[in-house]
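The values are calculated or read from the model by the stated rules, or taken from the named source; none is laboratory data. In this text the structure is predicted, and so the values were computed from the model without any measurement. Methodologically, a virtual Cβ is constructed for each residue, glycine included, from the backbone with ideal geometry; neighbour enumeration extends over all protein chains shown. All accessible areas refer to the heavy atoms of the entire protein, side chains included, with ligands and DNA or RNA removed. Shrake-Rupley method; radii C 1.70, N 1.55, O 1.52, S 1.80 Å.
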Amino acid sequence: MASPFVVFVCLLIVLPQIQATSNPYNGTVPLQGCQIPCMTEVNLHLFLHQFVDGPNQPNRNEETLLQTSFPFGFGTTIVHDWTLTETTNSKDTVVARAQGVHVQAGLTKDNRWYMTHNIEFGQGRFAGSTLQVIGITAGLESGQWSIVGGTGQFIMAQGIISFTNHPASTWEDGIKELNIRVRYTNPQPA
């Protein structure tokens with residue numbers, strides 16, 4: 001016959017295991033009235049228009065805040081308010097704006113601009129919503145930026161923006177074709 005101490009130790013070891021396997025929430029209990037939110041994925045196809053800073057650029061949508069004398073312009077900081085349209089024509093309806101900064105972050109290479117901005121949608125079903133984006137731009141024919149958050153319709157957003165420099169780009173209008181793939185939590189009604 002097992003001693004009361006052995007029975008007690010066995011219960012201490014076995015009971016938590018039984019309880020964990022019988023709980024569908026794996027040890028966590030949702031708050032009363034809460035449901036598991038659904039994730040939604042959307043793919044957007046837009047064109048970013050960058051009108052570079054510089055003399056004789058009346059339509060520019062960026063401004064140099066800090067110009068440094070380090071090699072490759074390391075530390076140079078530019079604030080931007082780039083426009084996003086549904087076509088390569090910069091005069092088309094602006095559906096969103098990419099507002100943020102880019103910093104020359106390469107001490108051993110030029111054109112290594114670290115970029116962070118909020119894409120704020122002004123038109124369509126996502127009007128008033130934002131995506132928070134980070135990545136490297138300039139000097140790359142194509143690449144990807146990370147979507148690390150969002151607001152409005154894009155609550156808890158995550159995703160990727162694949163970009164390519166579009167052949168219609170000019171010195172005045174640097175056009176990037178954006179393929180935005182974003183997952184976000186559906187807002188729950190109050």
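Worth pointing out:
- Among (1) touching an Asp or Glu at 6+ places or on another chain (Cβ under 7 Å); (2) at pLDDT below 95 - the single one Glu86 does not satisfy: (2)
Residues checked against (1) among the aliphatic types (A, V, I, L, M); (2) surrounded by fewer than 20 Cβ atoms within 10 Å (Cβ to Cβ); (3) under 18 Å from Thr164 (Cβ atoms):
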residue	(1), (2), (3)
Pro71	no, yes, no
Phe74	no, yes, no
His80	no, no, no
Thr87	no, yes, yes
Lys91	no, yes, no
Ala98	yes, no, yes
Gln104	no, no, no
Asp110	no, yes, no
Asn118	no, yes, no
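- Evaluation of Thr137 against (1) β-branched (Val, Ile, Thr); (2) modelled with pLDDT of 85 or more; (3) under 19 Å from the mean Cα position of the chain (by Cα) (one fails), failing number: (2)
- Among the residues listed as Ile147, Ile161, Ile180, the single one being touching a residue at least 40 places away in the same chain (Cβ under 8 Å) and either buried (at least 16 other Cβ atoms within 10 Å of the Cβ) or in a loop (DSSP other than H, G, I, E, B) (or both): Ile180
- Qualifying residue in the stretch 98-118 (condition: in a loop (DSSP other than H, G, I, E, B) and of a type in the set (S, T, N, Q)): yes
- Which numbered condition Ser169 fails, given (1) on the phi < 0 side of the Ramachandran plot; (2) in contact (Cβ under 8 Å) with a residue 12 or more places away in the chain; (3) open to solvent by less than 50 Å² (accessible area, probe 1.4 Å); (4) not acidic (Asp, Glu): (2)
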